[in-house]
Protein chains: 4
Amino acid sequence: MSELDGDYERAGFRGTLRWGERPAVIVVDVCRAYLDPSSVLYAGVEDAVESAARLVDAARDSGAPVIFTRVEFAPGGTDGGLFFQKVPALASFVRGNPLADFVERPRPTPDEVVVTKQYASAFFGTSLASTLRTLGVDTAVICGLSTSGCVRATALDALQHGFVPVVVADACGDRHPDPHHANLFDLQSKYAEVVSESVAVEHLRR
Amino acid sequence: MSELDGDYERAGFRGTLRWGERPAVIVVDVCRAYLDPSSVLYAGVEDAVESAARLVDAARDSGAPVIFTRVEFAPGGTDGGLFFQKVPALASFVRGNPLADFVERPRPTPDEVVVTKQYASAFFGTSLASTLRTLGVDTAVICGLSTSGCVRATALDALQHGFVPVVVADACGDRHPDPHHANLFDLQSKYAEVVSESVAVEHLRR
Amino acid sequence: MSELDGDYERAGFRGTLRWGERPAVIVVDVCRAYLDPSSVLYAGVEDAVESAARLVDAARDSGAPVIFTRVEFAPGGTDGGLFFQKVPALASFVRGNPLADFVERPRPTPDEVVVTKQYASAFFGTSLASTLRTLGVDTAVICGLSTSGCVRATALDALQHGFVPVVVADACGDRHPDPHHANLFDLQSKYAEVVSESVAVEHLRR
Amino acid sequence: MSELDGDYERAGFRGTLRWGERPAVIVVDVCRAYLDPSSVLYAGVEDAVESAARLVDAARDSGAPVIFTRVEFAPGGTDGGLFFQKVPALASFVRGNPLADFVERPRPTPDEVVVTKQYASAFFGTSLASTLRTLGVDTAVICGLSTSGCVRATALDALQHGFVPVVVADACGDRHPDPHHANLFDLQSKYAEVVSESVAVEHLRR
């Protein structure tokens with residue numbers, strides 16, 4: 001454990017949340033914008049996306065629900081509000097732009113729920129929390145892009161809404177390692193359980 | 001600008017949000033738990049709290065609303081849900097614990113709204129967004145504790161709810177400088193305008 | 001079944017929601033303002049309140065959680081927003097007014113969660129949904145005051161948040177029978193299961 | 001004024017909310033399902049829909065934003081949760097069903113925001129409140145279908161979120177006059193200003 005980890009633990013952070021009995025995998029914003037080298041948002045996150053695809057495979061094998069999120073804005077970004085103004089790159093997600101499309105792997109099946117969102121958190125301005133409750137889900141296994149943005153925002157809101165957030169470190173990517181690691185530190189300290197792909201897969205297969 | 005800042009800017013982050021016409025100052029969780037040296041949560045954030053007090057003075061002088069948040073849980077933390085389980089230190093905020101009390105400065109006047117919350121974001125599980133809307137507020141000037149926790153969560157939700165988040169760096173504190181700076185970087189990159197106390201005070205006094 | 005019931009049923013309303021495995025009783029706004037004959041809000045709902053008290057007894061006997069809601073506004077009603085402006089009678093609920101106090105029966109024990117709210121729905125601007133989720137609750141058994149106001153708003157939001165709303169007709173009151181019955185009709189048609197006290201008590205005691 | 005109106009007024013309900021400076025028209029769920037005589041949900045609301053179309057014309061003439069809502073569920077209604085279970089008729093809104101399509105008049109232009117929802121309130125599980133705030137809207141002029149369902153739920157949430165709800169009685173329809181009138185009574189008593197088409201149009205044209 002690092003010195004900073006120890007300081008937080010002594011201060012009463014870094015408690016442990018246990019997996020519930022009914023996990024679902026939430027795949028956050030894995031789309032061409034981050035994986036197409038010609039995109040301004042290209043982030044070099046191929047390894048994380050492959051890990052996310054294996055996580056999705058494990059969930060499907062085990063019968064756990066898989067839910068994908070995607071971003072879509074109206075022309076001009078009116079429904080993107082201040083977020084659309086703060087991050088000009090979000091223009092890649094205006095309706096009809098192929099950069100917003102899913103990639104080959106992971107990719108939702110016709111039966112899986114796709115949550116369309118306009119903000120960072122997959123819970124904000126969507127009916128995701130209600131869907132999870134109706135499905136009896138108690139644990140949100142979170143992967144996708146990017147760690148310091150939509151993944152963290154989604155994990156925070158999962159906790160706030162009452163779903164145990166499990167963030168799969170290997171299956172989350174960011175355009176730079178510093179924000180990736182800094183956000184995993186905050187998540188483990190205050191909001192979520194940060195685990196490796198192998199630990200998550202083992203839990204899903206139980 | 002650092003190399004990382006430049007990389008984010010080229011990728012289409014770090015846009016600029018302009019102050020609206022009606023700011024309010026939101027003072028997040030400034031209470032004895034972080035300032036009493038005998039508290040497990042003591043964070044050594046006296047300078048930030050003094051800066052927050054000056055920011056509140058400027059808001060009051062200018063007629064801008066000031067809203068304080070505080071944390072309070074029912075006995076046993078039932079209404080704190082998973083957050084209470086993840087962060088054992090939150091036991092300091094069970095109803096009746098004096099560590100949850102406001103400090104001398106800044107401190108709400110009898111007429112100022114106090115938002116009682118159970119989660120990290122001042123908007124989650126509270127009527128803050130509705131109050132700001134009814135007051136005609138369009139800009140949330142945010143200060144308090146801690147940068148990597150409730151301040152960031154509040155700034156993110158301010159943006160998501162449609163209020164321009166202005167985070168006053170000098171008036172926000174954290175128990176360690178690394179998470180403080182890492183979170184200010186994320187906030188400026190994606191969600192908020194991070195400014196100094198002097199810039200914020202100048203805007204409020206306009 | 002009435003003619004109107006039949007018309008709705010043929011149109012595809014009036015489906016049936018089944019009780020889940022973990023109910024909680026939500027007691028909405030049972031306070032002196034509606035029961036003190038000198039209060040402008042006095043509603044003549046003594047019978048409904050006695051029914052609510054028996055429902056609470058049954059829940060406690062069975063180990064089901066009981067959650068009470070109460071209304072409280074800051075001085076001047078700033079945090080009551082437009083609702084406080086639309087309903088002048090809400091001035092009875094400004095902090096410190098004894099009309100906002102609980103009555104003798106039903107009344108929360110020190111261990112039961114009390115949700116303080118500013119709006120009609122017990123879910124709006126509160127952390128109630130998160131508390132229910134963390135407690136594993138799947139069914140919200142709703143009673144209190146008034147049927148056409150906070151009871152209906154709470155039942156609608158229970159459904160929207162993913163908790164089966166069971167509205168106990170005998171234990172809900174209104175100042176006039178017409179809105180009481182009209183709202184129970186809407187609730188049964190679209191959002192909730194409307195049941196008698198005896199049916200609810202029988203379910204709780206299973 | 002009716003006897004019931006008088007009783008409510010003496011009890012401190014029926015205050016008046018004033019129009020703000022920036023209204024938007026919200027057109028709730030006007031789609032083929034309610035207007036195609038072969039649909040199980042056919043409601044005989046042609047007059048209300050014509051009134052809504054004239055209201056939309058007035059808004060466009062005046063430069064006020066117009067926002068349309070529509071309902072869409074994933075196959076099987078998974079994202080419709082308990083609402084989809086309670087109201088079997090909602091199967092008409094599963095993705096791809098032409099009954100969910102807009103009608104000729106009113107109908108969104110390519111530039112107008114369309115909010116896709118799964119629940120009764122246009123604010124629940126959507127980013128509508130954030131969009132209205134970003135547009136500077138303070139008044140929600142509401143029309144559409146049906147009065148006792150999505151219109152009332154939307155008006156209640158508009159009030160709760162801090163937007164003055166103006167419900168245009170002529171431009172709202174229901175399958176039966178009793179719930180239509182009972183809900184307009186509740187709305188005027190507690191949550192909204194209920195006005196005629198001519199009053200609304202006059203305000204929009206100011």
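Computed quantities for the displayed model
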| item | result |
| --- | --- |
| The range D:45-54, residues that are assigned to a helix (DSSP H, G or I) and under 19 Å from C:Tyr8 (Cβ atoms) | D:Ala48 |
| Residue satisfying all of: in the range B:133-148; within 22 Å of D:Trp19 (Cα to Cα) and either of a type in the set (Lys, Arg) or touching a strand residue (DSSP E or B) at 6+ places or on another chain (Cβ under 6 Å) (or both); nearest to the other protein chains (Cβ to nearest Cβ) among these | B:Arg133 |
| Selection status of A:Ser130, small (Gly, Ala, Ser), buried (at least 22 other Cβ atoms within 10 Å of the Cβ) and under 22 Å from A:Ala200 (Cα atoms) | no |
| Residue in the range D:136-195 that is surrounded by the most Cβ atoms within 10 Å (Cβ to Cβ), counting only those that are among the aliphatic types (A, V, I, L, M) and closer than 14 Å to D:Ala120 by Cα | D:Val151 |
| Output for the range B:188-202, where each listed residue is among the hydrophobic types (A, V, I, L, M, F, W, C) and either outside any loop (DSSP other than H, G, I, E, B) or within 14 Å of chain D (Cβ to nearest Cβ) (or both) | B:Val194, B:Val195, B:Val199, B:Ala200, B:Val201 |
| Of all residues making up the range B:30-44, the number that are within 13 Å of chain A (Cβ to nearest Cβ) and under 23 Å from B:Thr139 (Cα atoms) | 0 |
| Test: residue in the range C:122-132 that is more than 7 Å from every other protein chain (Cβ to nearest Cβ) and more than 16 Å from the chain's Cα centre (by Cα) | no |
| Those residues of the range C:81-99 which are away from chain D (no Cβ under 14 Å) and of a type in the set (Gly, Ala, Ser), in sequence order | C:Gly96 |
| Contacts under 6 angstrom Cβ, first residue in the range B:24-53 being within 15 Å of B:Val201 (Cβ to Cβ), partner of a type in the set (Asp, Glu), 6 or more apart | B:Ser51/B:Asp170; B:Ser51/B:Glu197 |
| Test: residue in the range B:102-113 that is surrounded by 16 or more Cβ atoms within 10 Å (Cβ to Cβ) and within 29 Å of A:Ala120 (Cα to Cα) | yes |
| Residues of the range A:157-175 satisfying the condition of being of a type in the set (A, V, I, L, M) and under 13 Å from A:Leu17 (Cβ atoms) | A:Ala158, A:Leu159, A:Val164, A:Val166, A:Val167 |
| Residues of the range C:31-44 satisfying the condition of being buried (at least 23 other Cβ atoms within 10 Å of the Cβ), touching a helix residue (DSSP H, G or I) at 6+ places or on another chain (Cβ under 6 Å) and not in a strand (DSSP E or B) | C:Ala33 |
| Filter result (surrounded by 14 or more Cβ atoms within 10 Å (Cβ to Cβ), touching a helix residue (DSSP H, G or I) at 6+ places or on another chain (Cβ under 9 Å) and more than 9 Å from chain D (Cβ to nearest Cβ)) within the range C:1-21 | C:Asp5, C:Glu9, C:Trp19 |
| Residue count, the range A:82-138 (criterion: charged (D, E, K, R) and under 25 Å from D:Gly81 (Cα atoms)) | 6 |
| Cβ-Cβ under 6 Å pairs, at least 6 apart or on other chains, the range D:108-121 side within 14 Å of chain C (Cβ to nearest Cβ) and of a type in the set (Ser, Thr, Tyr), far side surrounded by 20 or more Cβ atoms within 10 Å (Cβ to Cβ) and not in a loop (DSSP other than H, G, I, E, B) | D:Tyr119/C:Gln160; D:Tyr119/D:Phe83; D:Ser121/D:Ala153; D:Ser121/D:Thr154; D:Ser121/D:Asp157 |
| C:Leu82 being of a type in the set (A, V, I, L, M, F, W, C), at negative phi and surrounded by fewer than 23 Cβ atoms within 10 Å (Cβ to Cβ) | no |
| Whichever residue in the range B:55-72 is part of a helix (DSSP H, G or I) and touching a Pro at 6+ places or on another chain (Cβ under 9 Å) and, among such residues, is nearest to the other protein chains (Cβ to nearest Cβ) | B:Ala59 |
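Yes or no, residue by residue, for (1) under 17 Å from A:Lys190 (Cα atoms); (2) acidic (Asp, Glu); (3) touching a Ser or Thr at 6+ places or on another chain (Cβ under 8 Å):
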| residue | (1), (2), (3) |
| --- | --- |
| B:Leu145 | yes, no, no |
| B:Gly149 | yes, no, no |
| B:Val194 | no, no, no |
| B:Ser198 | no, no, no |
| B:Glu202 | no, yes, no |
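Throughout, read-outs are computed from the coordinates displayed, never taken from laboratory work. Owing to the predicted nature of the structure, the values given are computational and were not obtained by experimental measurement. As a convention, Cβ positions derive from the backbone with ideal geometry for all residues, glycine included, and neighbour counts pool all protein chains shown.
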